[in-house]
1. Exactly one of (1) more than 29 Å from the chain's Cα centre (by Cα); (2) open to solvent by less than 50 Å² (accessible area, probe 1.4 Å) is unmet by N439. Its number?
2. Counting only residues that are open to solvent by 50 Å² or more (accessible area, probe 1.4 Å) and either touching a strand residue (DSSP E or B) at 6+ places or on another chain (Cβ under 9 Å) or of a type outside the set (A, V, I, L, M) (or both), give me the strands (runs of 3 or more DSSP E) lying completely in the range 1-105 with at least 1 of them.
3. Can you tell me which residues in the range 164-187 are aromatic (F, W, Y) and surrounded by fewer than 21 Cβ atoms within 10 Å (Cβ to Cβ)?
4. Mind checking which residues of the range 136-167 are among the aliphatic types (A, V, I, L, M) and in contact with an Asp or Glu (Cβ under 8 Å, 6 or more places away or on another chain)?
5. Out of contact with any helix residue (DSSP H, G or I) (no Cβ under 6 Å at 6 or more places or on another chain), in contact (Cβ under 8 Å) with a residue 60 or more places away in the chain, farther than 23 Å from D40 by Cβ and of a type in the set (A, V, I, L, M): which single residue out of V354, V362, V333 fits that description?
6. Across the range 210-242, what is the total count of residues that are in contact with a strand residue (DSSP E or B) (Cβ under 8 Å, 6 or more places away or on another chain) and more than 17 Å from I307 (Cα to Cα)?
7. Find the residue count for the range 166-183, including only residues that are within 22 Å of G275 (Cα to Cα) and touching a helix residue (DSSP H, G or I) at 6+ places or on another chain (Cβ under 7 Å).
Amino acid sequence: TGTSIKIGISNVESKSPILISGTMNAKKIKEKVGNTPLADACIDAVEWGASSIYCIPVKAGTAGTIGKITEDQKGYGTFEVKGSPNNAYDIVVEVMDAGECNEGSFRYSLDGGNTFTEEMTIPITGEAELATTGLTAKFTDAEGGDSFMEGDRFTFSTTSPAMSNESVISAVESLINSPLMFEFVHIVGVSSKALWASLCTIANDFLTKYKRPLFFVCEARGKKADESLEDYVNAMLEERKGINNIYMQVVCSNSRYQRMDGRVQDINNAGIVTGLYGRAKESQSIGEGKSFPISEAKLLKLLPEGIEDYIETLDKAKYVTIRQYIGKEDYYVTSANMMSPEGSDYSYAEDVRVSNRLVKAVRAKALDELQVEVDPGDIETSITNIQEQINTPVEDAVRDKVISSGSVTIDTENLNILVDEKLDINITYVPMGHVREMNLTFAVENPYAAS
């Protein structure tokens, strides 16, 4: 339950999926898949409940970029950066002890100055690798001395590399014959309608052709700097049009968040959402208030500023959002929406997860009965035995309180086992109910009022 595949950018190469367990800390995860968006998504998911994640590293289709360096310095030396970033960083390089190369010292931060590395000496060559980032800092001494002074700061940001849609689809298709058992696939990093539409088709194929149901979790983009909040929300509503599939979930929620390793960064909240699935049984909504609060000590604020006024609109459009209720300090998933057709019985992840569990478990049991003998002289006994076996996973789901009730029926009226050698089997079930809305009515009762 909750086991997932994460497909994302990484500088690590692997011929097979890399296992990330819920016992790993952030350092160990980054050792496995690099200081990359893929690692960040795993770190967030593990922190919120994921126990098993299989990572498929993908090479960047578009390289990340290095932004303009802002200098706040008293020294006369120069500072440059080269390389190709492995992730989106807000880097601060700060001189701690004044001096030339091989004399002065510095430290650096990848999250805008919230956390820093240990202090280190500026190398004699002036070139210092910013570990695991794909970047190298270059300090160059001034001719007249006083190159770097205590307190000199150099700040710049990078953008994350991006995957091509083709590489994502190729990674997904590698799962067709994989022996791994998993519930869903998280596509790490911003994606758009073109990829969502392709993944909807692939999800249908995984069910009908390959008999291994799954669902996808994707990440919608954040607001652009030159975009108004209203324009951003309208763009998201337009992006959602035409996507109608019960196996597609898109997280349109961003926040300033303190990660497990102390870094404070602006993130898409899909890592949190996917982690919560690891704690929830299939029929349980990750929006359940008493069970899945997201601490305000971790999620520092929702982004962009003012998005709270539009969460209801995005929720109705069937995006997954995170919200804060008046009077409650923590944050909560609004609803685990799927981008399902209007009126679907599978509008939420908990609906799809239950269905997928039954499909997998009943099919596995049915395979045990494949090519079993049926006695034409006592068809009733033979069919009853098959029916009882296939009904076992349905009974298990009832026992686990994943469904309320369920049954397996085999059509015997039109049965001609000696000719067509086929059984038509129907599985029906009653799902667990959920409280989606409460209407509270308050009234004063005065027992001493005159009659």
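1. Tallying (1) more than 29 Å from the chain's Cα centre (by Cα); (2) open to solvent by less than 50 Å² (accessible area, probe 1.4 Å), N439 fails exactly one: (2).
2. Here the list reads 18-21, 52-58, 70-72, 78-83, 90-97.
3. F182
4. Once the filter is applied, which keeps residues that are among the aliphatic types (A, V, I, L, M) and in contact with an Asp or Glu (Cβ under 8 Å, 6 or more places away or on another chain), the range 136-167 yields only A137.
5. Values: V362 fails: out of contact with any helix residue (DSSP H, G or I) (no Cβ under 6 Å at 6 or more places or on another chain); V333 fails: farther than 23 Å from D40 by Cβ.
The unique qualifying residue is V354.
6. 6
7. So the count comes out to 3.
For every residue, the table says whether it meets (1) hydrophobic (A, V, I, L, M, F, W, C); (2) part of a helix (DSSP H, G or I); (3) closer than 24 Å to Y210 by Cβ.
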position: Y332; (1), (2), (3): no, no, no
position: E342; (1), (2), (3): no, no, no
position: V372; (1), (2), (3): yes, no, yes
position: T392; (1), (2), (3): no, yes, yes
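The values are calculated or read from the model by the stated rules, or taken from the named source; none is laboratory data. This is a predicted model, so every value here is computed, not measured. Glycine gets a Cβ as well: all are built from the backbone with ideal geometry, and neighbour counts include every protein chain shown. SASA here: full protein model, heavy atoms, side chains in, ligands and nucleic acids out. Shrake-Rupley method; radii C 1.70, N 1.55, O 1.52, S 1.80 Å.
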